[in-house]
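Colleague: Questions regarding the structure given below will be posed in turn.
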Amino acid sequence: MPNSNGSDRKLREQITQVEQPTNVKTMDEDRRQALGKKCFSPQLGDPHSSNLHPIQGMDQTSSNNHQSGNMASDFYSFSPENTTKKKTKAVRITICAQVTGVALFCLGLVVGLLIGIYGFNGVNKNESGHSSPTQSKVVGQNENRQTKPVDTHDHRHSHVSRKPQTVSPPTLGSHGHSPSPVDSHGHDHGSLDSHGHSHGPLDFHGHGPVDTHDHGHHHPHPSSENILDSPNVEATLPSTDTGLGKEPVSAPEDELQCTPCKWTHPVDEVTKPELFSPINSTEMVKARDALYRAGIITVKPGQELALNESYVQSMYLFPPEKVKALAYLDHDGPFPGRYVTAMVVEGAKKEPQLMKYKIGPLEGDVENMMISPLLKPYEVPFSNRPYDTVETREVILTVMSELYRINSMMEECFDSRTPYKDMSVMPNGPFMHNGERTSRWTAGLRGLGDKDFDFLNVLPLNGLIYHGGQDPSKWRVYDIFYLNQGPFDSVNELYEAYNSSQLVVVHYPEGTREWIKRNTFPKRNLYQPIRPHSGRLGANTVEPTGPRYRLKGHTISWLGWEFSVTTSQHRGPAVFNVKFKGERVVYENALNDIGLLYSADGSGQDSIFYTDSTFGLGESKTAISDIDCPAHASYIKSVMWSPTAMRGSELLTICIFEVDAQEPLYRHKGDDIEVGMRNRYLVARYPTQLGNYDYLIDFQFHMDGKIVTTATATGFIQASYYNFNSQFVNPNNPGQTPFGYKVSNDIIGPIHDHTFAFKVDLDVVSEENDFQLIHWKYGNVMDALKTVKKENITFPGYFFHNQTRYVEWEHVKNERALDIDSKNPKFWTFVNNNKPNYWGVSRGYRLVPMHSGTQNIQDDHPEAQHLSFTQHHLTVTKRKENEQYVKPIYNPGNTKDPEPSRKYVENMVDGESIENTDIVAWVALGFLHIPTAEDVPMTTKVTSGFTLKPFNFFDKTAVFDIPSHAVGVNKTKYDEEPAELPCQFIPFSVQG
């Protein structure tokens, strides 16, 4: 025990040394006089540690005497005792001791034998399960917990003015997080896979290569006796009680057996070429070689990219023509072939431009591939191209090199060693400003290491950068603002003002950057007690016999559903050819874009906007196992093109899994009957990350024919700097401004929105569909009667009241844009008037939006066109092959072009008929976000989306071809959901 406690004490000392930095003081008087500055030092603090008392070294004891560290300082200190040895008769004592020992040994042996025999015969057997020798110890919040020292540093950011003025700074708080010495799961992951087989090195998911064993074999498990003897076994066995008064019959204990589960592998062999699967790495290389062979690109693999070269910026699947695709899918027609879209930066041309090419068919040889331009010549000039990694890197380095020229100012103001080591630059753009390719930029400190952008710890330093042309040495940084003071034409001009007596400056004390690193990274706060029982494993969904879905390449089938899932590098995830019980419901349901617009009190943050397709909604990273997707999920690969490596990289980005919602899909319990079905559904999920925000895009397929599409946002907010000298600060409540709340040290959470744009091409039974509005109205009985009969009508006298509610149908003949109107509800329905159901009603699907924020910017906003898809919740148009997306991903050179190659959705609404034809629903839903303190450091998930719900598509409820719980009169059991015998289950993740 002393050794154990000594190790624990050493560990606590190490943690304390890590957690508690060296005391940091504000600038001393000499330094203040030398700089000629007056410092204002708001106190940094942890809002979660106010009840903790500082500990001086390791000598401070805590008032909680249940903790292992609360021992007196001399607990293990021993001093020699100067006691006098008493003289005794040695022989007498020795003999007495030996006789007493023998007697006690004999007595103990007899008692032990009796107890053993008594226990062996099973006396009091039924009570033996109340304790387990293998039960983990549950440690309470007051046990073995050392109170952590409060950060006693004086992390005060001081605003300094050379004018003789007095500024009263507010008290600053911290992010409230401390480093944790444990990993996010608290698990030690070994090198065995989930079946207990060793397959060699693990991949980046922690799984070995796919287990090719016959999964019907037995795995070594503990004996069934140990499991059935568990005190909690009753809670895990399927119930036989119907709740109707019938007593359940308990099976004899010797009949219950726990066997290994027989696991079913879900992967089937691909027998036909796939139309919609993402472009794979082999196809990308063939397309690249075809472009090089044709002289369109000028770089080879391994060659460094430059802006004066021609190179491939991105690659993704060129969608097949729908007519040809349906002929192949439905009528065994010829395979339409697979083609790739390549975005090429043609910097080597005399007049550079961006061009898109269609390349294929990819099944043939490189020599035989056709290359067709998809844009008109110079439709997208070189200055209007979207960002790519080549240019972004040069933009960041150019800004950093300018800041390095005034490095002494950066050290004094922001506790930065050099901009290259401690600062980040966040560019926003590009856009045309005074006829030049320009971006805005904002500086920040790095709280997330050297590879991840930190959008949270922004600094009051921003400006513009001109980056037109192909020579970065001619780029320039200008219009610089410091604490909203400026603009300064160059860093030299800013530095001169800094050394003058007219500029208000800000100073971060030494140690601030380390404090930011500790508090920005999201982790458990060691200053707070852990929540009771949170250290125990929570609830999990399992598939004891394996998945009920089947995977055939990128085509998934499950309980009557069949669809193909894919991704696009710019647009993100999509599902194609969605069928239910053999009938097509949706041809395409695809994420197209995400729009964000910020409003802030800051020269570098006001009216910043993003359309994320420009940056690449499909440039995802590998899913986080057990976080993004459950442990039993199957993973499907997608491929991302890398301009610098000039090849594709394969990643496990799409996960497929079944969800047990742990609720009824339907239920009814009467006096003599009870019926119900557990709600389960299949999910195809795509996690992705763009800058500070992370998104989860879900396509959910339900047993009753519903399709639910959701978009979830989480991650870090993009902050703006809190300048307490700003005229927008409310003197009566300095923590709130017209642009958002103060949410942490020196930062505001600026208001913004998220709008998710989807293309939904419904094919309700066939392509010939109509769009129908159903108005939910209120009026008198005669108003309702006039909706079906216009003449010769009389008031029906059997109505008790003359006031009533009723519905009125509107057949929409031409393309239209619509918005959610809660005061005048409307049902958005897509129907097939050529295919009625059994009751003579047109079969259809209803589009049900989740509650959504509404975009309120007007046409006079500078970014109105780029965000035009956010203006309406729903736009219905006739489907056309050249109207593939909700907007272009580039800025057209001529915005007045009457026939652009790619249109904005607002330009697609031109009055064409949408009667009995192939129509598309452009859906734009999202939410408004006013960040609060709870959004720092992480925003917990916020979800928006829509549901496609059967609307007279079936003749009756569509789930009665699935086993369900049905107990009728006289306790007659008509049906029951499948119940597995008790068996041991080991989760297994499929990767394909």
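The values are calculated or read from the model by the stated rules, or taken from the named source; none is laboratory data. No experiment lies behind these values; they were computed from the predicted model shown. Cβ: placed from backbone, ideal geometry, glycine included. Neighbour counts: every protein chain shown. Surface areas here come from the heavy atoms of the whole protein model, side chains and all, with no ligands, DNA or RNA. Shrake-Rupley method; radii C 1.70, N 1.55, O 1.52, S 1.80 Å.
Colleague: Identify the residue in the stretch 482-506 that is open to solvent by less than 10 Å² (accessible area, probe 1.4 Å) and not aliphatic (A, V, I, L, M) and, among all such residues, is farthest from Phe724 (Cα to Cα).
Modeller: If we take residues in the stretch 482-506 being open to solvent by less than 10 Å² (accessible area, probe 1.4 Å) and not aliphatic (A, V, I, L, M), then Tyr498 is farthest from Phe724 (Cα to Cα).
Colleague: Please go through the stretch 299-342 and pick out each residue that is of a type in the set (Val, Ile, Thr) and open to solvent by 50 Å² or more (accessible area, probe 1.4 Å).
Modeller: Across the stretch 299-342, the qualifying residue is only Val323.
Colleague: Give the stretch 509-543 a look and list any residue that's closer than 30 Å to Lys637 by Cβ and in contact with a Lys or Arg (Cβ under 9 Å, 6 or more places away or on another chain), or say none.
Modeller: Within the stretch 509-543, no residue meets the criteria.
Colleague: Just checking, how many residues over the stretch 384-435 are part of a helix (DSSP H, G or I), more than 29 Å from the chain's Cα centre (by Cα) and polar (S, T, N, Q)?
Modeller: Total meeting the criteria: 5.
Colleague: Picking from Asp694, Asp698, which residue would you name as being in contact (Cβ under 8 Å) with a residue 12 or more places away in the chain, among the acidic types (Asp, Glu), on the phi < 0 side of the Ramachandran plot and open to solvent by 20 Å² or more (accessible area, probe 1.4 Å)?
Modeller: Asp694
Colleague: Could you list all residues from the stretch 451-481 that are within 30 Å of Asp694 (Cα to Cα), open to solvent by 40 Å² or more (accessible area, probe 1.4 Å), outside any strand (DSSP E or B) and touching a residue at least 24 places away in the same chain (Cβ under 8 Å)?
Modeller: Result: Phe453, single match.
Colleague: Considering the stretch 426-441 alone, what residues qualify as being farther than 24 Å from Tyr693 by Cα and surrounded by fewer than 19 Cβ atoms within 10 Å (Cβ to Cβ)?
Modeller: Residues satisfying the conditions are Met432, His433, Asn434, Gly435, Glu436.
Colleague: Exactly one of these conditions fails for Pro836: (1) open to solvent by less than 20 Å² (accessible area, probe 1.4 Å); (2) more than 30 Å from Pro320 (Cβ to Cβ); (3) at pLDDT 95 or above. Give me its number.
Modeller: (1)
Colleague: Okay, next question. Which of the residues spanning the stretch 551-605 are among the small types (Gly, Ala, Ser) and over 26 Å from Glu881 (Cβ atoms)?
Modeller: Those that are among the small types (Gly, Ala, Ser) and over 26 Å from Glu881 (Cβ atoms): Ser557, Gly560, Gly582, Ser599, Ala600, Gly602, Ser603, Gly604.
Colleague: Then there is this: Going through the stretch 777-811 one residue at a time, which ones are of a type outside the set (Gly, Ala, Ser), over 26 Å from Thr917 (Cα atoms) and either touching an Asp or Glu at 6+ places or on another chain (Cβ under 7 Å) or in a strand (DSSP E or B) (or both)?
Modeller: Result: Lys777, Tyr778, Asn780, Gln803, Thr804, Arg805, Tyr806.
Colleague: Using the structure shown, decide if Gln991 is modelled with pLDDT under 90, farther than 28 Å from Ile654 by Cβ, of a type in the set (S, T, N, Q) and open to solvent by less than 50 Å² (accessible area, probe 1.4 Å).
Modeller: No.
Colleague: If you don't mind, there's one more thing I want to ask. Please count how many residues of the stretch 779-826 are exposed (fewer than 11 other Cβ atoms within 10 Å of the Cβ) and closer than 30 Å to His872 by Cα.
Modeller: Result for the stretch 779-826: 5.
Colleague: Please find, within the stretch 263-280, the residue that is modelled with the lowest pLDDT out of those that are exposed (fewer than 15 other Cβ atoms within 10 Å of the Cβ) and of a type outside the set (Asp, Glu).
Modeller: Per the stated criteria, the residue is Thr264.
Colleague: Right, another one. For the stretch 507-519, enumerate the residues that are buried (at least 22 other Cβ atoms within 10 Å of the Cβ) and under 27 Å from the mean Cα position of the chain (by Cα).
Modeller: Listed by number, the residues that qualify are Trp515, Ile516, Asn519.
Colleague: From the list Tyr686, Tyr681, Tyr695, Tyr666, pick out the single residue that is farther than 27 Å from His554 by Cα and in a strand (DSSP E or B).
Modeller: Tyr666
Colleague: Now a separate question. Considering only residues that are at pLDDT below 95, open to solvent by less than 10 Å² (accessible area, probe 1.4 Å) and aliphatic (A, V, I, L, M), which ones fall in the stretch 576-599?
Modeller: Ile594, Leu596
Colleague: Okay, moving on. Could you say which residue among Lys813, Lys835, Lys790, Lys826 is touching a strand residue (DSSP E or B) at 6+ places or on another chain (Cβ under 8 Å) and more than 22 Å from Glu768 (Cβ to Cβ)? Steps first, answer last, please.
Modeller: On the way: Lys813 fails: more than 22 Å from Glu768 (Cβ to Cβ); Lys835 fails: more than 22 Å from Glu768 (Cβ to Cβ); Lys790 fails: touching a strand residue (DSSP E or B) at 6+ places or on another chain (Cβ under 8 Å).
Answer to the check: Lys826.
Colleague: For the stretch 733-742, check the following and say yes or no: at least one residue is basic (Lys, Arg) and open to solvent by 20 Å² or more (accessible area, probe 1.4 Å).
Modeller: Of the residues in the stretch 733-742, the ones basic (Lys, Arg) are 742.
Remaining after also requiring open to solvent by 20 Å² or more (accessible area, probe 1.4 Å): 742.
Checked against the condition, which is being basic (Lys, Arg) and open to solvent by 20 Å² or more (accessible area, probe 1.4 Å), the stretch 733-742 yields at least one hit.
Colleague: Just give me the residues in the stretch 281-298 being in contact with a Gly (Cβ under 8 Å, 6 or more places away or on another chain) and open to solvent by 40 Å² or more (accessible area, probe 1.4 Å), in sequence order.
Modeller: Val285
Colleague: Output the number of the condition that Ile751 fails; it satisfies all remaining conditions of (1) surrounded by fewer than 23 Cβ atoms within 10 Å (Cβ to Cβ); (2) over 19 Å from His929 (Cβ atoms).
Modeller: Condition not satisfied by Ile751: (2).
Colleague: Can you work out which of the residues in the stretch 624-636 that are open to solvent by 10 Å² or more (accessible area, probe 1.4 Å) and on the phi < 0 side of the Ramachandran plot is farthest from the chain's Cα centre (by Cα)?
Modeller: Initially, the stretch 624-636 is screened for residues open to solvent by 10 Å² or more (accessible area, probe 1.4 Å), giving 624-628, 630-631.
From the residues that got through so far, the ones that are on the phi < 0 side of the Ramachandran plot too are 624-625, 627-628, 630-631.
Working: Ile624: 10, Ser625: 12, Ile627: 9, Asp628: 7, Pro630: 14, Ala631: 17 Å.
Looking at residues that are open to solvent by 10 Å² or more (accessible area, probe 1.4 Å) and on the phi < 0 side of the Ramachandran plot, I get Ala631.
Colleague: Then there is this: On the basis of being at pLDDT below 95, surrounded by fewer than 19 Cβ atoms within 10 Å (Cβ to Cβ), closer than 30 Å to Ser568 by Cβ and not β-branched (Val, Ile, Thr), does Pro898 make the cut?
Modeller: yes
Colleague: Considering only residues that are among the aromatic types (Phe, Trp, Tyr) and open to solvent by less than 40 Å² (accessible area, probe 1.4 Å), which ones fall in the stretch 754-778?
Modeller: Phe756, Phe758, Phe771
Colleague: Follow-up question, since we're still on this one. How many residues are closer than 25 Å to Ser766 by Cβ, in contact with a helix residue (DSSP H, G or I) (Cβ under 9 Å, 6 or more places away or on another chain) and assigned to a loop (DSSP other than H, G, I, E, B) when one looks only at the stretch 907-960?
Modeller: 1
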